[in-house]
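Asker: Take a look at the following structure, please.
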Amino acid sequence: MILVIAEHRDGKLNRATLETIAAAQNAGGPIKVAVFGSGVDAVAKEVGAADVAEVITIDDAALKDYTADGMVMALEQLIAAEKPERIFLPHTYQTRDFAPALAARINRPLVTDCVAVKGGSYVRPMFQGKLQADVSVDGPHMATFQIGAYRADAMKTGGSASARKASVTIDASKIRQKPEAPFKEAKQAVDLSQAERIVSVGRGIKSQEHLQLAQQLAQAIGAEIAASRPICDAGWLPMDRQIGSSGQTVAPKLYVALGISGAIQHLVGMKGARTIVAINKDPEAPIFEIADYGIAGDLFEVVPAMIAELNK
Ligand SMILES: Cc1cc2nc3c(=O)[nH]c(=O)nc-3n(C[C@H](O)[C@H](O)[C@H](O)COP(=O)(O)OP(=O)(O)OC[C@H]3O[C@@H](n4cnc5c(N)ncnc54)[C@H](O)[C@@H]3O)c2cc1C
């Protein structure tokens with residue numbers, strides 16, 4: 001049995017949970033999904049639409065705000081009761097925070113940042129995505145899945161899993177972390193991992209004032225703006241817009257790359273996009289190797305033409 005750990009914040013399900021359920025469906029065998037928190041019935045109902053055997057809720061006031069100690073304490077008991085062979089988690093910041101502690105506590109191997117599961121083994125990138133390693137593990141274990149490794153809309157639905165409450169005992173006095181209000185960036189801050197469309201700019205945009213061209217295109221198709229590292233390093237866009245190995249990993253339905261060469265450190269952050277459109281004046285640019293649609297041309301000619309056509 002595979003136990004998938006759902007993630008949500010204030011009752012809003014993180015889409016990466018659905019991707020992780022899709023990974024579990026791909027691996028095969030019965031799946032249970034565990035939802036932790038306080039007042040989680042709505043989230044449980046939402047994941048219950050997936051084709052899974054059961055949804056388990058762990059509802060406790062001490063789990064209202066996420067803490068690593070609270071999660072480890074609750075999960076240790078749930079895992080002892082349910083005895084899952086495998087535990088799948090989305091590779092989010094929250095998972096990164098508690099999963100290693102959980103693995104140590106329950107003495108199980110943890111395979112992180114997987115991009116695929118093939119039967120009993122996992123594929124995970126190494127050395128900034130230069131190599132892909134096949135990892136197999138003997139016995140019960142845990143695995144985390146990269147955002148975009150599996151598609152949320154490829155998750156099989158039609159399930160009518162009932163939600164069952166599991167009882168665990170949380171000793172709130174043993175939770176060492178004191179949660180504060182979650183960190184919020186400036187007002188416009190955006191979680192690009194949840195964006196459906198992204199227009200991303202690279203050094204080909206030449207100067208900061210030309211960003212407005214990309215912004216117009218983004219507006220015409222209802223997309224978020226993102227960038228390669230040099231653009232954020234230069235301060236033309238905030239760091240939270242950077243895509244790649246030292247930025248965000250995204251998996252939108254549409255990713256439009258303007259003047260981005262396609263360095264491996266950029267590709268690892270966006271190759272999970274369903275449709276990639278690249279505009280680059282160098283026909284040999286590596287971005288074209290992964291693009292579904294490529295336009296070898298000057299973005300300062302192509303993009304205005306696209307905007308004019310879209311606005312018609
Ligand atoms: C440890 C490490 C971590 C890194 N992390 C990241 C990361 O997270 N994200 C990231 O993006 N990079 C990262 N990098 C940097 C990465 O290696 C590349 O340097 C970077 O992605 C290149 O950005 P770029 O494609 O915008 O620029 P360039 O490689 O300079 O490419 C610009 C492209 O624009 C095209 N162009 C120029 N003018 C036009 C025009 N008028 N019309 C159309 N096309 C045009 C050119 O043909 C070229 O292909 C990292 C590097 C290291 C070493």
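Asker: Given the condition near the ligand (Cβ under 7 Å from one of its atoms) and crowded, with 21+ Cβ neighbours inside 10 Å, answer yes or no: does some residue in region 297-308 qualify?
Answerer: For region 297-308, residues near the ligand (Cβ under 7 Å from one of its atoms) and crowded, with 21+ Cβ neighbours inside 10 Å: present.
Asker: Residue check, Asp191 against (1) away from the ligand (no atom under 16 Å from the Cβ); (2) surrounded by 14 or more Cβ atoms within 10 Å (Cβ to Cβ); (3) not small (Gly, Ala, Ser), all met but one. Which one?
Answerer: Of the numbered conditions (1) away from the ligand (no atom under 16 Å from the Cβ); (2) surrounded by 14 or more Cβ atoms within 10 Å (Cβ to Cβ); (3) not small (Gly, Ala, Ser), the odd one out for Asp191 is (2).
Asker: How many residues are within 23 Å of Pro84 (Cα to Cα) and within 16 Å of the chain's Cα centre (by Cα) when one looks only at region 124-146?
Answerer: 5
Asker: Here is a follow-up. Any residue that is among the polar types (S, T, N, Q) and near the ligand (Cβ under 8 Å from one of its atoms) - is there at least one of those in region 213-236? Write out each step before concluding.
Answerer: Initially, region 213-236 is screened for residues among the polar types (S, T, N, Q), giving 215-216, 219, 228.
Within this subset, residues satisfying the condition of being near the ligand (Cβ under 8 Å from one of its atoms) are 228.
Scanning region 213-236 turns up at least one residue that is among the polar types (S, T, N, Q) and near the ligand (Cβ under 8 Å from one of its atoms).
Asker: Please give the number of the condition Ile170 fails out of (1) closer than 22 Å to Arg108 by Cβ; (2) touching a residue at least 12 places away in the same chain (Cβ under 8 Å); (3) part of a strand (DSSP E or B); (4) out of contact with any Cys (no Cβ under 6 Å at 6 or more places or on another chain).
Answerer: (3)
Asker: Just give me the residues in region 86-134 being charged (D, E, K, R), assigned to a loop (DSSP other than H, G, I, E, B) and surrounded by 14 or more Cβ atoms within 10 Å (Cβ to Cβ), in sequence order.
Answerer: Residue satisfying the conditions is Arg108 alone.
Asker: Hey, Val35 hits all of (1) crowded, with 21+ Cβ neighbours inside 10 Å; (2) farther than 22 Å from Arg151 by Cα but one; which does it fall short on?
Answerer: (2)
Asker: Let me ask something else. I'd like the full set of residues that are surrounded by 19 or more Cβ atoms within 10 Å (Cβ to Cβ) and out of contact with any Asp or Glu (no Cβ under 9 Å at 6 or more places or on another chain), limited to region 73-83.
Answerer: Taking region 73-83 and keeping what is surrounded by 19 or more Cβ atoms within 10 Å (Cβ to Cβ), we get 73-75, 78-79.
Scanning region 73-83 gives Leu75, Leu78, Ile79.
Asker: Further, regarding this structure: Would you check which residues across region 262-288 are surrounded by fewer than 18 Cβ atoms within 10 Å (Cβ to Cβ), at pLDDT below 95 and away from the ligand (no atom under 11 Å from the Cβ) and list them?
Answerer: Correct list: Arg274 only.
Asker: Still on this model: Quick check: is even one residue across region 243-261 part of a strand (DSSP E or B), modelled with pLDDT under 95, within 13 Å of the ligand (Cβ to nearest atom) and closer than 20 Å to Glu196 by Cβ?
Answerer: Keep residues of region 243-261 that are part of a strand (DSSP E or B), which gives 243, 248, 254-258.
Imposing the further condition that a residue be modelled with pLDDT under 95 reduces the set to 248.
Now drop any that are not within 13 Å of the ligand (Cβ to nearest atom), which leaves 248.
Pick out the ones that are also closer than 20 Å to Glu196 by Cβ and you get 248.
Yes.
The values are calculated or read from the model by the stated rules, or taken from the named source; none is laboratory data. These numbers were taken from a predicted model, which means no experiment stands behind them. As a convention, Cβ positions derive from the backbone with ideal geometry for all residues, glycine included, and neighbour counts pool all protein chains shown.
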